[in-house]
Amino acid sequence: MCRCNAARSSRAKGRSGSCLLPQGAKRRGLRGPVLARGRTCRGPSPQCVRLSLTSTMTRFHGYNIQSAPCCGARYRTRRYLSVNFMAGEYWTDGYRERSLMPNDHGLRKCTCGAFFVSSEMVIIDETDTSDLPNPQHVSTDELREAISHPRNSHVELAARLDIWHQLNHAYRAAYRAHRAAEEATSRQAWEAVNPDQRSWIDRLKKRSRVPQYRPSPDRPVTHPQFTPSAQQLENLYALVGLLTKPAHRNDYRLELVELHRELGQFDQATSCLRGIGGREDRFRSLLTTLIRERATAPVRFAY
Ligand SMILES: [Zn+2]
């Protein structure tokens, strides 16, 4: 069942609960990139896989009035009619850089001090305008507080998923620098064998085109070594424990594959991936390739 606000709003009205989210977004509960029919992969390795993204404009109208599960405090939340998951970067751990939609896992802090997850809120009304506050986002410093005495496993899970992304940020920075340097080297090598041979008059009058760099599918595409810290390992193992509980097992299957992979547990990752069933999409194909290559690093990919 889709848990996005648009669907919940429809269900509150007694309708079917459908929404305009792409199917992949429904499955991932507004949490990750949406995989769809895509262009053919033009590269030899996962790091240059290009997939296409089902996109639609982010639109909302009015607000839902919702009550917090901890004390019943009332908040307003936007009623989304459709959402757009386009972003500047997509990573296999589900993180999106420069995303057009929030990239957290719905953890919020109530005015009473308790933490809750957006999906725990109950819609009690709909309105075009409201002076009620929005539920407060949780700061980085408060994530550890949220998991120290969690109200329930949903709160701990949301906090740990946020921490997972944040602890991978240092590696993302190293990855970007590594790939930029590698790509610059490839470009220089290409330009050395494809020099600009236009005459000076052609250059002056721009009568012919400058040779355009074409990345070769055979160029090196590597990434730096990924060595999770003790803090990361503790969080990764805790997440695996949470995601194997019946309450969460069916909602985070791809995340569990990725967690096993980052821990180097490739047999478990393969088993989880096969257990998803259905037709393999391009993202799952990417994970399969990474597992086969015994790669543990979070990987950036493009649609
Ligand atoms: Zn409260």
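Just so you know, all these numbers are worked out from the coordinates, no wet-lab data involved. Just so it is clear, the structure is predicted and the values come from calculations on it, not from any experiment. Neighbour counts run over all protein chains shown; Cβ positions are idealised from the backbone, glycine included.
Here is the size of the range 89-182 from its Cα atoms: Rg then Dmax, 16.3, 54 Å.
Straight-line cross-link reach from Lys109 at under 20 Å between alpha-carbon atoms covers these aspartates and glutamates, not counting any fewer than eight positions away in the same chain: Glu120, Asp131, Asp141, Glu142, Glu145, Glu156, Asp162.
Between Arg292 and Thr111, the FRET efficiency from the beta-carbon distance, with R0 = 35 Å, is close to 0.10. Taking label positions 7 Å along the Cα-Cβ direction at both Ala180 and Thr227, the computed distance is 2.4 nm, reported to one decimal. Here Leu132 and Ala189 are evaluated by their C-beta separation; at R0 = 41 Å the FRET efficiency comes out at 0.10. Shape class of the range 130-255 from the alpha-carbon gyration tensor: prolate, with a/c at 1.5 or above and a/b greater than b/c. Annotation: peptides 192-199, 167-174, ranked by per-residue average of other Cβ atoms within 10 Å with the highest first, follow the order 167-174, 192-199. Cross-link partners for Lys205 among the aspartates and glutamates, with Cα-Cα distance under 18 Å and sequence neighbours closer than 8 places in the same chain left out: Asp196. Which FRET efficiency, nearest 0.05, do Ser216 and Arg59 yield, Cβ-Cβ r, R0 51 Å? The value I calculate is 0.80. Working from label points 7 Å from Cα in the Cα-to-Cβ sense, the Ile201 to Lys245 distance is 7.8 nm. With the highest mean first, a sort of the peptides 141-151, 83-93, 109-119, 156-166 on other beta-carbon atoms found within 10 angstrom per residue produces 156-166, 83-93, 109-119, 141-151. Find out how many positive minus negative residues lie around Arg294, taking Lys and Arg as positive, Asp and Glu as negative, among other residues whose Cβ is under 14 Å from that of Arg294. It works out to a net charge of -1. Packing around the peptides 288-298, 204-214, 221-231, taken as the average count of other Cβ atoms within 10 Å per residue, puts them in this order, highest first: 288-298, 221-231, 204-214.
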